[in-house]
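So the structure is just underneath, and the comments pick up after that.
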Amino acid sequence: MGEKKVRTRLYKLIAAILLTCVSIYGVLRYVSLSVADLYLTSIYDRMEEQAIQYANSFHFKLQADLQTLRAMAGMLQDHQDQEPQELLLSLQGACNASQFIRLGYFEEDGSGFRLTFREEGVVPVALDQLPTELQDVAAKAWAGSSAYSQAFYDSHLDAKVLASATPVYSHEQICGVLVSAVETDVYAQILSSIKAVSPLGTAAIIYNSGNVVASTRVYSLSGFYNLFDSTYLSDEIKAQYGACFADPEVSFFQFVYQGDTCYNCVLPLDTLPGASIVITDTDHGISNAVSEVVRMAYTMVALFALASVAVILAALWMLRRYRADLSQVAYFDRLTGAYNKAKFLLLLEEKLDQPWPCAVVSINIRKFKYRNELFGSADSDLLLKEISDLLRQHIRPGEFFCRDTADRFLLCLKEAEESAVKVRLHALFVHTDQMAGTMHPNYPLYFYCGCAFRADCAGEDPQQELMSHVMMALGIAKQGHQTTISFYNAQLHKQETMQNYMENHMEQALHEGAFHLFLQPKIRLEDGALGGAEALVRWMYNGVAIFSPDQFIPLFEHNGFCVKLDYYMVEQVCRQIRAWLDQGLPLVPISVNQTRLLFHQKNYPQRLRDIAAAYQIPPSCITLEILEGMAMEDVELVQHCVEELHSYGFRISMDDFGTGYSSLNTLGSLRIDELKLDRSFMVQAKQDQKGNHRKILESIIQLSKKMNMTTVAEGVESADSEQMLQALSCDFGQGYYYSKPIPVLEFQQRYLEPSHPA
Ligand code: C2E
Ligand code: CA
Ligand code: CA
């Protein structure tokens with residue numbers, strides 16, 4: 001799964017978790033609110049029932065008291081003949097059964113007697129001396145109805161009382177009123193006796209004014225305790241009580257007192273106008289506990305959401321770090337810290353999508369391997385780092401560069417003109433020169449650079465086109481000396497087209513035998529006899545060589561096809577020698593050029609041995625020409641191969657000697673049989689005034705002899721050259737002076753057949 005996919009999934013997971021948590025929260029909230037609502041309703045319902053029960057009990061009590069009073073009035077009626085004081089005293093017994101604390105009897109003029117049960121005897125008293133509530137209720141009795149008063153404080157009794165009055169008849173005429181008083185505490189007892197309220201709760205009868213008539217709670221106060229005077233209740237709670245008192249219906253409210261939720265039910269008392277039954281109760285912290293549980297659930301959901309999101313964010317963070325680590329490995333060059341080619345190509349792709357003038361430059365260090373050998377790899381590493389640092393300083397915002405391979409850097413510059421690129425590269429080289437000068441003053445640093453512009457790429461894949469243009473330009477620059485900058489142009493484009501053609505047709509050409517074996521004789525300088533021949537390939541079409549090896553061999557080495565071609569050439573050579581031997585012609589040693597790629601092939605020596613064996617050719621008549629530069633590349637590998645080839649009998653020749661940088665040490669350890677002096681020796685010796693090159697050539701030839709190597713001079717184009725080589729005791733000469741490479745048949749006729757002596 002790609003990183004982007006993982007990231008998207010993690011984000012989705014976060015969203016899912018948050019959504020789930022929000023849903024859980026929602027459900028939890030809904031359920032808890034519903035439960036709380038239900039709970040509250042059930043509490044209030046219960047409280048209302050209790051309140052109604054209280055109201056009824058209160059009502060019954062009042063009615064019962066009135067009833068008792070009426071019965072007493074009846075008794076008085078029946079004994080009209082007695083004095084009022086005696087009558088009252090006669091009621092004492094009946095009173096004991098009721099809860100009256102005082103009885104009074106008044107006549108029309110307001111005079112009367114009262115009987116207080118806690119005291120002795122009957123005392124005369126005037127009605128207008130008594131509390132107004134009493135007078136009011138007596139007035140009602142005079143009017144003919146039994147009634148009871150509002151609660152009032154009786155200072156004489158030092159008690160809160162409720163008075164009842166009923167008329168006393170004589171001959172169906174009201175002759176007096178009988179008044180009784182009941183301590184309101186009696187009602188408090190009723191409230192407590194119902195036991196409807198939990199031990200923590202209270203039930204009370206309270207006037208709208210706040211005066212508490214009766215309460216299950218005991219107030220050690222003479223007179224009325226007023227709710228609104230309470231120092232325990234806040235103004236807010238008092239206001240809520242006030243609102244409930246004003247409400248003619250049953251009403252409820254709740255408040256929190258000292259951490260407990262107190263529920264209140266206020267039921268107006270029809271029996272006692274202006275008063276209500278007030279029940280206050282707690283649920284013993286149940287609702288608190290429930291809300292605590294709900295709160296805990298909320299917290300847990302929130303914690304779960306937080307933890308999950310944190311875990312996922314951590315995963316995302318780790319993913320990002322992992323990606324950063326990966327990209328460090330995948331996109332950066334370890335040595336220089338610069339981008340690597342993969343990253344460069346990614347960035348280039350982006351740039352090519354933008355309208356950006358773009359020049360890609362490949363900068364290569366000339367003779368880097370040589371420097372590497374000379375100064376060691378640590379020094380080379382330092383050099384690469386320094387170059388990388390300088391490049392970093394020279395590129396501008398938006399531009400970028402990378403280290404491509406060992407000694408190659410790629411730059412992407414925002415330039416559209418050759419001249420501009422040149423100016424910038426020269427500015428860079430001023431700094432690289434300074435840097436190289438400090439590192440090794442006697443070894444200047446040279447580069448070869450290939451450059452191509454985006455504007456020259458019209459194909460479907462501009463990136464690939466651009467890069468192949470750069471490589472082409474680089475190939476040209478490589479052929480130059482010192483610091484060289486080459487730009488891709490139409491000429492190179494032609495070459496590119498040609499290369500495309502060659503790549504597309506090489507297999508077919510091999511299959512159809514278009515690669516022909518040509519031979520160039522090697523002449524023994526001592527006596528001018530044929531010493532052998534070099535096999536050179538020609539790509540023929542209709543009897544004409546259409547491409548020269550210099551055009552296709554580098555390409556085939558690049559694309560690997562050269563391996564096939566060289567095996568093919570070895571086979572052609574063996575077949576030819578076999579044919580000549582079969583025709584009774586002399587055995588001619590033939591040299592075959594071998595690409596460096598062969599040395600990396602598995603079983604390469606065995607395969608050559610098998611080919612020779614297949615044609616029954618002694619391997620000793622085959623000389624394998626390897627390039628000088630190659631021996632330096634991987635000494636051990638070449639050495640190993642050379643030894644094996646030697647063991648089968650093949651001869652080894654070092655081609656183009658003098659162009660590379662082989663050390664004589666390597667030469668010794670490689671056990672080369674033949675040294676082919678590069679054509680440049682002949683050219684230089686010709687131009688040589690002081691004779692220095694001749695001396696060098698002489699030393700090389702002598703050294704070779706000491707090392708038992710035969711010497712072959714390439715590029716012998718004149719009799720002068722031949723004479724010079726003879727004077728220097730060179731063994732063989734090869735060149736146009738004797739013959740150009742020629743077809744096999746021509747070679748056979750000119751050099752091998754008796755009728756055509758050489
Ligand atoms: P080389 O191995 O150095 O071959 C000698 C080249 O110098 C040949 O070029 C030859 O035609 C040319 N030459 C010979 N005498 C003279 C002379 O007197 N003056 C001048 N100016 N040139 C002379 P050719 O055949 O074009 O081959 C070029 C290169 O291509 C060869 O250089 C060799 O490196 C490579 N090559 C040719 N055939 C093969 C092959 O079958 N396999 C491989 N791997 N490389 C091959
Ligand atoms: Ca050669
Ligand atoms: Ca050569």
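Around MET709, with a cut-off of 11 angstrom between Cβ atoms, what is the net charge of the other residues, counting Lys and Arg +1 and Asp and Glu -1?
+2
For the chain, what ratio Rg/Rh do Cα atoms give with a Kirkwood hydrodynamic radius?
1.62
For the chain, what is the accessible area per residue in Å², given a 1.4 Å probe and the full set of protein chains?
51
Could you state how much accessible area ASP720 has, in square angstrom rounded to the nearest 10, with a 1.4 Å probe and all protein chains kept in place?
110
Quickly estimate the mean residue ellipticity at 222 nm for the chain, helices only: each DSSP H run with n ≥ 4 gives -39500 (n - 2.57), and the total goes over all residues, rounded to 500.
Helix-only estimate at 222 nm: -16500 deg cm²/dmol.
Using all alpha carbons of region 1-113, what is the percent of pairwise distances in each 5 Å bin, ordered from the shortest bin to the longest?
2, 8, 10, 10, 7, 6, 5, 5, 5, 5, 4, 4, 4, 4, 4, 3, 3, 3, 3, 2, 2, 1, 1, 0
Under the Kirkwood approximation applied to all pairs of distinct alpha-carbon atoms, what is the hydrodynamic radius of region 507-645 in Å?
16.0
Which residues' amide hydrogens lie under 5 Å from the amide hydrogen of ASP404, considering only partners 5 or more residues apart or on another chain, with H built in the peptide plane?
Counting only residues 5 or more places away or on other chains, the set is PHE409, LEU410.
Projected onto the charge dipole of the chain (+1 at Lys/Arg Cβ, -1 at Asp/Glu Cβ, origin at the Cα centre), which of GLN594, GLY528, GLN354 gives the Cα projection farthest towards the positive end?
It is GLY528.
Order 619-626, 597-604 from most to least packed using the mean count of other Cβ atoms within 10 Å.
Per-residue Cβ counts within 10 Å, averaged per peptide and sorted highest first, yield 619-626, 597-604.
Please identify every one of the trypsin sites (Lys or Arg not before Pro) in region 652-758 that sits in a loop by DSSP and has no more than 10 other beta carbons within 10 Å of its own beta carbon.
LYS690
Name the shape class, rounded, prolate or oblate, that the alpha-carbon gyration tensor gives for region 341-488, where a ≥ b ≥ c are the square roots of its eigenvalues, rounded holds for a/c under 1.5, and otherwise prolate holds if a/b is larger than b/c and oblate otherwise.
prolate
Cβ neighbours within 10 Å, averaged per peptide: list 202-212, 416-426 in order, most packed at the top.
Averaged packing, sorted descending, gives the order 202-212, 416-426.
Using the charge dipole of region 341-488 (Lys, Arg: +1 at Cβ; Asp, Glu: -1 at Cβ; taken about the Cα centre), state which of GLN434, LEU384, PHE453 has its Cα farthest towards the positive end.
GLN434
Hey, which lysines would be in cross-link range of LYS422, C-alpha to C-alpha under 24 Å, not counting anything within fewer than 8 residues on its own chain?
List returned: LYS341, LYS351, LYS367, LYS385, LYS414, LYS478, LYS494.
Which trypsin sites (Lys or Arg not before Pro) from region 56-145 combine a DSSP loop assignment with at most 12 other Cβ atoms within 10 Å?
The qualifying sites are ARG118.
At a 1.4 Å probe radius, carbon and sulfur cover how many percent of the accessible area of region 341-488?
Whole-percent figure for carbon plus sulfur exposure: 51.
Please list the helices of the chain that count as membrane-span-like by this rule: a mean Kyte-Doolittle hydropathy of at least 0.5 together with Cα atoms stretching 27 Å or more along the helix axis, each helix being a complete DSSP H run.
Helix filter hits for the chain: 286-331.
Quick one: grab the alpha carbon gyration tensor of region 438-584, order the square roots of its eigenvalues as a ≥ b ≥ c, and give me rounded if a/c is under 1.5, else prolate or oblate depending on whether a/b is larger than b/c.
oblate
Can you list the chymotrypsin sites (Phe, Trp or Tyr not before Pro) in region 1-75 that are in a DSSP coil and have 13 or fewer other beta carbons within 10 angstrom?
Sparse-neighbourhood loop chymotrypsin sites (Phe, Trp or Tyr not before Pro): none present.
The values are calculated or read from the model by the stated rules, or taken from the named source; none is laboratory data. Note that this is a predicted model, so its numbers are computed, not measured. All Cβ positions, glycine included, derive from the backbone under ideal geometry; neighbour counts span all protein chains shown. Accessible surface areas use protein heavy atoms only, side chains included; no ligands, DNA or RNA. Shrake-Rupley method; radii C 1.70, N 1.55, O 1.52, S 1.80 Å.
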